[in-house]
1. How many residues are touching a helix residue (DSSP H, G or I) at 6+ places or on another chain (Cβ under 9 Å) and in contact (Cβ under 8 Å) with a residue 40 or more places away in the chain if we restrict to the range 291-323?
2. On the given criteria, is residue 226 assigned to a loop (DSSP other than H, G, I, E, B) and within 30 Å of residue 276 (Cβ to Cβ)?
3. Report those helices (runs of 4 or more DSSP H) wholly inside the range 40-122 carrying at least 1 residues which are out of contact with any helix residue (DSSP H, G or I) (no Cβ under 6 Å at 6 or more places or on another chain).
4. Any residue in the range 113-134 that is under 20 Å from residue 79 (Cβ atoms) and free of Cβ contacts under 8 Å to residues at least 24 places away in the same chain?
5. I want to confirm something. Restricting to the range 192-223 and keeping residues that are assigned to a loop (DSSP other than H, G, I, E, B), touching a residue at least 12 places away in the same chain (Cβ under 8 Å) and over 21 Å from residue 286 (Cβ atoms), which single residue is farthest from ligand 2 (Cβ to nearest atom)?
6. Look at the range 241-265 and say how many of its residues are within 19 Å of residue 300 (Cβ to Cβ), away from ligand 3 (no atom under 16 Å from the Cβ) and not in a loop (DSSP other than H, G, I, E, B).
7. What is the residue count in the range 198-228 for residues that are in contact with a strand residue (DSSP E or B) (Cβ under 8 Å, 6 or more places away or on another chain) and within 16 Å of ligand 3 (Cβ to nearest atom)?
8. Name, by its number, the condition in (1) out of contact with any helix residue (DSSP H, G or I) (no Cβ under 8 Å at 6 or more places or on another chain); (2) away from ligand 3 (no atom under 16 Å from the Cβ); (3) at pLDDT 95 or above; (4) in a loop (DSSP other than H, G, I, E, B) that does not hold for residue 151.
Ligand SMILES: *[C@@H]1O[C@H](CO)[C@@H](O)[C@H](O)[C@H]1NC(C)=O
Ligand SMILES: *[C@@H]1O[C@H](CO)[C@@H](O)[C@H](O)[C@H]1NC(C)=O
Ligand SMILES: *[C@@H]1O[C@H](CO)[C@@H](O)[C@H](O)[C@H]1NC(C)=O
């Protein structure tokens with residue numbers, strides 16, 4: 001059996017056998033399709049997986065031509081990326097125009113590219129050397145899109161690491177790091193002028209991992225907790241992600257911007273980690289991502305910004321075996337490379353417009369994962 005059809009067969013079988021890997025979410029689910037792996041299925045096989053997951057929006061870290069081609073005429077919306085190492089070159093308008101002509105033009109309009117994220121986590125991280133080129137590159141790409149008549153359909157943005165915040169607690173006191181304010185102010189002005197969104201990668205898991213004695217696990221994974229109350233606004237937060245998002249809104253307000261939307265370009269929880277990576281378990285990852293999807297279904301905003309529904313790209317579609325760093329880095333996926341779920345996050349309509357996680361999976365998700373993995377391993381071996 002050819003690898004591709006074997007893969008489809010396994011997927012089909014899995015969907016039939018599990019019967020619960022279904023998510024009924026109204027607004028589009030976004031997911032990061034990271035590809036730092038040597039064992040992922042071809043993009044053409046990923047479409048069926050996304051449909052099963054009800055994913056309608058995909059974020060790529062590059063403009064991988066095979067992927068964009070495979071998703072032509074599918075209606076899936078793409079956020080594509082300019083790689084960090086290309087920023088300096090792209091900050092030259094001529095080079096930016098060439099980049100758009102070569103990487104975007106050939107795929108539109110048949111593949112629905114709706115935004116371009118220029119660089120990933122440039123500010124405040126180990127990539128800070130690219131910081132001076134970030135805004136110029138965003139402006140150059142934006143100019144190129146205008147020149148090529150694409151600016152109505154595609155907006156320009158950049159995904160930021162949460163380390164750009166100096167203070168995030170309480171959320172009303174959110175502020176950006178002083179040494180980055182110069183860059184961020186210009187970027188916010190750009191977003192304001194072009195009506196585009198500010199993107200942040202937010203991981204309550206990191207905060208919990210760094211301080212498990214102080215931070216309640218439940219608070220960081222959307223499970224029942226006392227939550228926190230912002231002592232300035234008196235607003236109550238029942239989960240950390242919303243507090244993190246509102247801290248970004250507060251930091252933007254300090255720079256004079258209440259006119260820019262915050263979107264979460266990455267969030268997630270690893271299903272496995274190093275011994276000292278507290279919280280990295282399949283159960284916590286399932287709860288975090290499953291609960292997050294339920295929240296998104298409600299289409300509501302955060303306590304301080306109730307009229308701005310949360311908009312999120314989950315990290316990530318697959319476990320990626322070539323990602324460097326601790327074990328957790330290679331275990332953020334909802335799916336194993338063979339397409340089977342790492343854990344079940346299926347939501348079911350409870351019949352009263354509420355969505356609930358299937359009951360049995362609360363207690364036995366680890367066993368289920370083991371069971372399905374073993375069955376598939378067996379099938380894989382039998383079929384080969
Ligand atoms: C800004 O963008 C949003 C979509 O993100 C759209 O609904 C709105 O109409 C736009 N506003 C302007 C002034 O173009
Ligand atoms: C955490 O949430 C679970 C429900 O998933 C609940 O049973 C438990 O009591 C909560 N723990 C705390 C400390 O509130
Ligand atoms: C609110 O709490 C923060 C952090 O715990 C503290 O630094 C600040 O002084 C408090 N502000 C007020 C108005 O109580």
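The values are calculated or read from the model by the stated rules, or taken from the named source; none is laboratory data. Not measured: the values here are computed from a predicted model. Please note: Cβ atoms are built from the backbone with ideal geometry, for glycine as well, and neighbour counts cover all protein chains shown.
1. 19
2. In short, yes.
3. Where helices (runs of 4 or more DSSP H) fall fully within the range 40-122 and carry at least 1 residues being out of contact with any helix residue (DSSP H, G or I) (no Cβ under 6 Å at 6 or more places or on another chain), they are 43-53, 65-70, 93-103.
4. Scanning the range 113-134, I find no residue that is under 20 Å from residue 79 (Cβ atoms) and free of Cβ contacts under 8 Å to residues at least 24 places away in the same chain, so the answer is no.
5. At the first step, the residues of the range 192-223 found to be assigned to a loop (DSSP other than H, G, I, E, B) are 195-197, 202-203, 211-216, 221-223.
Now narrow it down to the ones that are touching a residue at least 12 places away in the same chain (Cβ under 8 Å): 195-197, 202-203, 212, 215, 221-223.
Among the residues that remain, those that are also over 21 Å from residue 286 (Cβ atoms) are: 195-197.
Values: 195: 40, 196: 38, 197: 32 Å.
Checking each candidate, the answer is 195.
6. Result for the range 241-265: 8.
7. 3
8. So the condition that residue 151 fails would be (1).
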